[in-house]
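No value in this document is a laboratory result; all are computed from the given coordinates. No experiment lies behind these values; they were computed from the predicted model shown. Neighbour counts are summed over all protein chains in view; Cβ atoms, including those assigned to glycine, are modelled from backbone coordinates with ideal geometry.
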Amino acid sequence: MTKVIVAGAAGRMGQRISYMVTRNPDLELAAAFEHPDNPAVGRDVGENGGFGTTGVTIEPGLDAVIDKGDVIIDFTFHKATMGFARTAAEHGRAMVIGTTGLSAEDLATLRELAEAHFPCVQAPNMAVGVNVLFKLVEKAASILGDAYDVEIVEAHHRMKKDAPSGTALKLGEMAAGALGRDLAKVGVFERNGIIGERTDEEIGIQTIRAGDIVGEHTVYFAGAGERIEITHRAHSRDNFARGAALAAAWVAGRPNGMYTMFDVLGLNEF
Ligand SMILES: NC(=O)C1=CN([C@@H]2O[C@H](COP(=O)(O)OP(=O)(O)OC[C@H]3O[C@@H](n4cnc5c(N)ncnc54)[C@H](O)[C@@H]3O)[C@@H](O)[C@H]2O)C=CC1
Ligand SMILES: O=C(O)C1=N[C@H](C(=O)O)C[C@H](O)C1
């Protein structure tokens with residue numbers, strides 16, 4: 001039985017992850033923590049999340065609970081995540097990281113820490129459907145090639161802090177990789193004013209923030225006289241949370257290093 005520590009346990013994702021951990025027979029919800037200023041500190045994580053009494057109290061900060069578990073599931077905020085990774089490295093705890101908005105520098109540091117000290121599953125989206133979407137987009141781009149313009153539109157709730165979504169960036173990277181391009185060079189994240197004609201190689205990524213949209217991603221492949229649109233819509237946060245719980249059960253006991261949901265779901269061969 002793998003003992004799980006849930007970071008940001010009072011957050012939108014933290015609540016549903018805590019619930020999914022209690023539903024997974026391979027996992028034990030061993031501890032939960034929040035930012036020390038969060039009003040949920042001191043409450044039972046299940047009562048706070050609306051799924052009953054668990055006997056697990058939300059503690060103030062990771063240091064208070066680090067000795068209680070084997071795997072930390074982190075869906076919080078990029079600055080907090082990097083601090084948790086340093087603590088995980090010191091204590092040799094595994095991590096599942098769903099937090100988005102990590103910079104290229106953060107990801108390089110995370111890789112260094114994980115390769116030396118702990119196994120880590122990191123993915124911008126832990127839903128099974130989105131991970132299949134990544135593969136479909138890679139395949140579509142490699143078949144269609146340069147004759148089709150690639151554009152990505154993502155929509156999320158008004159509370160989301162980072163833009164574009166980590167998923168949209170990954171979709172852009174999958175398409176760019178299949179087309180022999182580098183998203184850092186060809187990504188276009190804003191269009192306004194007299195911008196001139198579209199270039200062949202650019203990959204546009206546009207953002208919508210509105211209401212309580214859980215998460216939607218559409219990739220367009222538009223050519224002369226036709227287009228393909230591939231869309232994923234999340235109906236609730238439970239698919240992300242179920243994926244995170246699956247990743248926690250999978251990562252415990254693995255060799256140190258970085259893994260993705262493709263490893264967890266066995267999608268590398270596709
Ligand atoms: N990989 C995936 O499948 C998914 C990733 N996400 C990502 O997860 C992250 C969180 O999303 P939400 O739950 O919607 O945000 P949220 O704002 O509802 O929850 C974040 C929680 O983290 C807590 N937190 C922040 N700093 C902390 C610290 N230093 N110590 C302890 N707790 C701290 C906050 O108090 C808050 O309760 C975002 O980066 C989002 O993009 C969201 C959904 C799916
Ligand atoms: O913040 C969210 O809500 C989500 N964030 C992730 C992202 O940035 O890709 C995944 C999901 O779409 C929900």
Exercise. Of everything in the range 85-101 that's in contact (Cβ under 8 Å) with a residue 40 or more places away in the chain and within 16 Å of ligand 1 (Cβ to nearest atom), which residue is surrounded by the fewest Cβ atoms within 10 Å (Cβ to Cβ)?
Worked result: Gly101
For this session: Pairs only if they're at least six apart or on different chains, beta carbon under 6 angstrom, first in the range 33-53 and free of Cβ contacts under 8 Å to residues at least 40 places away in the same chain, second outside any helix (DSSP H, G or I) and within 16 Å of ligand 2 (Cβ to nearest atom); list them, first residue then second.
Result: Glu34/Ala10; Asn38/Ala10; Ala40/Ala10; Asn48/Ala10
Problem set entry | Of all residues making up the range 43-62, the number that are in a loop (DSSP other than H, G, I, E, B) and either farther than 25 Å from Arg86 by Cα or in contact with a His (Cβ under 9 Å, 6 or more places away or on another chain) (or both) | 8
For this session: Looking only at the range 18-47, count how many residues are within 14 Å of Ala7 (Cα to Cα) and among the polar types (S, T, N, Q).
Result: 2
Exercise. Looking at the range 103-114, is at least one residue within 16 Å of ligand 2 (Cβ to nearest atom), farther than 21 Å from Arg237 by Cα and surrounded by 17 or more Cβ atoms within 10 Å (Cβ to Cβ)?
Worked result: no
Exercise. Within the range 139-153, can you find the residues that are under 11 Å from Ile228 (Cβ atoms) and in a helix (DSSP H, G or I)?
Worked result: Ala140, Ala141, Ile143, Leu144
Seminar exercise, completed: The strands (runs of 3 or more DSSP E) lying wholly within the range 204-267 that contain at least 3 residues that are not hydroxyl-bearing (Ser, Thr, Tyr) are 216-223, 226-233
